[in-house]
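A short reminder: the numbers here are calculations on the coordinates, not readings from a lab. Note that the structure is predicted; figures quoted are calculated from it, not measured. Backbone-built Cβ (ideal geometry, glycine too); neighbour counts: all protein chains shown.
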Amino acid sequence: MMGDADLMIPPDVPAIRLENVTVGYGKQVVLEDVSLTIPQGAFWAILGPNAAGKTTLLRTMLGLLVPQKGKVEIFGRPPKQLGSWRRWIGYVPQHHQAALVRFPLRAYDVVMMGRYPHIGLVRRPGPEDHEHVRRALKRVDMAHAAQKPWFSLSGGERQRILMARALAAQPRLLLLDEPTAGVDVAATQSLYELLRELHQEGMTVVVVSHDVGVIAQYVNGVACLNRRLVAHGRPEEVLTQETLETMYGCEAVFLHHGGVPHMVVRRHHKP
Amino acid sequence: MDLLWWTYPFVQRAIIGGVLIGLLTAWVGTFVVLRRMAFMGAGIGHAAFGGVAVGLLLGWDPVLTATGFCVVVAWAITVVVRRGALTSDTAIGIFFAATMAFGVLLLGMLQTTTDLFGYLFGSVLAIGTADLRLLLVAVVAVGAVLVALHKEFVALAFDAEYARVTGLPEPLLDYLFAALVAITVVLAIKMVGLILASALLVIPGATALHLSRDFRTLLGIAIGVGVASMVLGLGASLVWNTPPGATIVLVATGFFVLSWVFRRV
């Protein structure tokens, strides 16, 4: 096993740092010259319209995509040199590849996979791992569904199980890709409440979303993306009419309810 | 053949070989089905033709040469797909046609009257003691890897990207699994031939998926179907004097159809 020193992440390094990152597929540039630093303990949203490159940015942060130009660091290290620190990353993907297959696993087994990087190769889960799985299931309010087959779950339930899988790893950094896509209002609300709790417990949380309205009330940092980084910083400073117009074109409307900044993205409906 | 067909030594060797191959192909094949790699199995089976030809040309053992050859082809396909250069179906389509054409070319140069039919359709009744020894070694080796890395291969099949993000050695596991598929398919060639080898890989797992939602039960059913298809197929081919490879595959297909009719999942 690795020594403790190797498992410790220095508290002063940023969770994520991007420097002049350009990402593309062949000649098509998806992200251009993005520089961004997310400190540990932050709760950030990456916002932008469809096809703004949000998922590409997230995949670049995770080291799944290698930028054509620029530098990526997670906990102060390049993604390829993360080594055992990877176990501290929690990731909740959007479209799940196994969702279409009748995969013969129960919800519990899926959550247990979050423990695999901690358990190590060849070894089997121990009592501690089962405890983490039970706690994670409870946290996403899915303890009752632990023994249900994965493929019998609804889209929203699967999303929560994948969330529990990430939580079972006790991540220091949690990244979520459009976690509220196709999820109802109540579930969206409870997910954001949970993310706020996790953030208060010291976890770094990064959420990719096109849903500007709700999430801005929870996060303490936003990055507005539309191929380039339009703006980033504290939500009340960043989410101005100007930024939103740059990001969404003329679809964005910024509203103030009393002192609380709040905004909606209005679609233009022609009568 | 009389009713005591199972007392002949060559039949007994065939049955033992069939049980071993049925076990191995169903076990590896369950993961192949879950990873949606069925075409990989078919591709490797055809690539084995090139490997057999190389072996015959150089005077090396055709089965061992084909094993090495197919592992290299499986890795080449994996490299190309992982780099995103080609989708897997395209990569496999190109590689298997090219390696098979290469084999045909080599055999044309060779101009021998080697029993090609045996490699194409299997030569189950020609299984010797040496073949069985090799098979046993392969089953133990591949089985040991599958037992040791069971949870890792399940994780890889379920969500390879997540495995990679959280630090499992996902590329290593992917290449290792490609090698296991190649070894398994080549061994199955002796039984049913390279054209039908991939059927043994796919049908038991696909059958079991109809019947269980629990991974371990599923694996057990798949192996049961794989072994039963072998034994029943061999028996039927001897009793009714039909081609063994094709009979085995059709028995397995029968199991698949039954599982579909009586599916519980």
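With viscosity set to 1.002 mPa s at 20 °C, what whole-number translational diffusion coefficient in µm²/s follows for region A:1-83 from Stokes-Einstein and a Kirkwood radius over Cα pairs?
The calculation lands on 156 µm²/s.
If one puts a single equal scatterer on every Cα of region A:96-170 and applies the Debye formula without solvent, what log₁₀ I(q)/I(0) results at q = 0.21, 0.22, 0.24 Å⁻¹?
For region A:96-170, the Cα-only Debye profile gives -0.85, -0.92, -1.06.
How large are Rg and Dmax for region B:122-239 when calculated on the C-alpha trace, in angstrom?
Rg and Dmax of region B:122-239, Cα atoms, are 16.0, 54 Å.
Counting each pair of different Cα atoms once, what's the Kirkwood radius of region B:53-166 in Å, rounded to one decimal? Write down the numbers at each step before the final one.
Numbers: mean 1/r = 0.0585 Å⁻¹.
In region B:53-166 this quantity evaluates to 17.1 Å.
From the C-alpha coordinates alone, can you work out the Kirkwood hydrodynamic radius of chain A, in Å?
After inverting the pairwise mean of 1/r, the radius is 19.5 Å.
With a cut-off of 17 Å, note down the residues of region A:67-97 whose backbone N falls inside the zone around a label point 7 Å from the Cα of A:I9 toward its beta carbon.
A:72-93
Is the shape of region B:20-74 best called rounded, prolate or oblate, per the rule: a/c under 1.5 gives rounded, else a/b larger than b/c gives prolate, else oblate, with a ≥ b ≥ c the square roots of the Cα gyration tensor eigenvalues?
Working: a/c = 3.37, a/b = 1.92, b/c = 1.75.
Verdict is prolate for region B:20-74.
So, with +1 on the Cβ of K and R and -1 on the Cβ of D and E, and no other charges, what is the size of the charge dipole of chain A about its Cα centre, to the nearest 20 debye?
900
Residue farthest toward the positive end of the dipole of the protein assembly as shown, with Cβ of Lys/Arg at +1 and Asp/Glu at -1: which of A:L175, A:F103, A:T22?
Projecting each Cα onto the dipole axis, the largest value belongs to A:F103.
What does the average come to when, for each residue of peptide A:85-93, you count the partner chain Cβ atoms lying within 10 Å of its Cβ?
Working: counts 1, 5, 3, 2, 4, 3, 6, 1, 4.
What the average comes to for A:85-93 is 3.
Hey, what number do you get for the protein assembly as shown at 222 nm if only DSSP H runs of n ≥ 4 count, each worth -39500 (n - 2.57), divided across all residues, to the nearest 500? Intermediate values should be presented prior to the final figure.
Details: 22 runs with 293 residues, N = 536.
Helix-only estimate at 222 nm: -17500 deg cm²/dmol.
Counting Lys +1, Arg +1, Asp -1, Glu -1, what net charge surrounds A:E193 among other residues with beta carbon under 14 Å of its beta carbon?
Result for the neighbourhood of A:E193: 0.
Compute the long axis of helix A:155-168 from its Cα atoms, compare it with the longest principal axis of the Cα atoms of chain A, and write down the angle in degrees, 0 to 90, nearest 10.
60
I'd like the FRET efficiency for A:H130 and A:Q200, computed as 1/(1 + (r/R0)^6) with the beta carbon distance as r and R0 of 35 Å, rounded to 0.05. Don't skip to the answer; put the middle values down first.
Numbers: r = 26 Å, r/R0 = 0.75.
Here the calculated transfer efficiency is 0.85.
Which lysines does A:K69 reach when only Cα atoms under 17 Å apart count, and residues fewer than 8 places away in its own chain are ignored?
Correct list for A:K69: A:K27, A:K80.
How far is the Cα center of region B:175-209 from the Cα center of region B:70-147, in Å?
What the calculation gives is 10 Å, centre to centre.
Report, ordered by chain and residue number, the lysines lying within cross-link reach of A:K148, taken as a straight Cα distance under 20 Å and ignoring same-chain residues fewer than 8 apart.
A:K138, B:K151
Please report, in Å, the Rg and the Dmax of the protein assembly as shown, where both are computed over Cα atoms only.
So, for the protein assembly as shown, Rg and Dmax equal 27.3, 95 Å respectively.
By its C-alpha gyration tensor, with a ≥ b ≥ c as the square roots of the eigenvalues, how is chain B shaped: rounded for a/c under 1.5, else prolate for a/b larger than b/c, else oblate?
Cα axes put chain B in the oblate bin.
How high is the relative contact order of region B:5-261? Use alpha-carbon pairs under 8 Å, at least six apart in sequence, and give a whole percent.
33
Taking +1 at the Cβ of each Lys and Arg and -1 at the Cβ of each Asp and Glu, which of B:G122, B:G51, B:L234 sits farthest along the dipole of region B:5-261 towards its positive end, judged by Cα position relative to the Cα centre?
B:L234
Using the Cα gyration tensor of region B:1-116, with a ≥ b ≥ c the square roots of its eigenvalues, what is the shape: rounded (a/c below 1.5), prolate (a/b larger than b/c) or oblate (neither)?
It comes out oblate by the Cα gyration axes.
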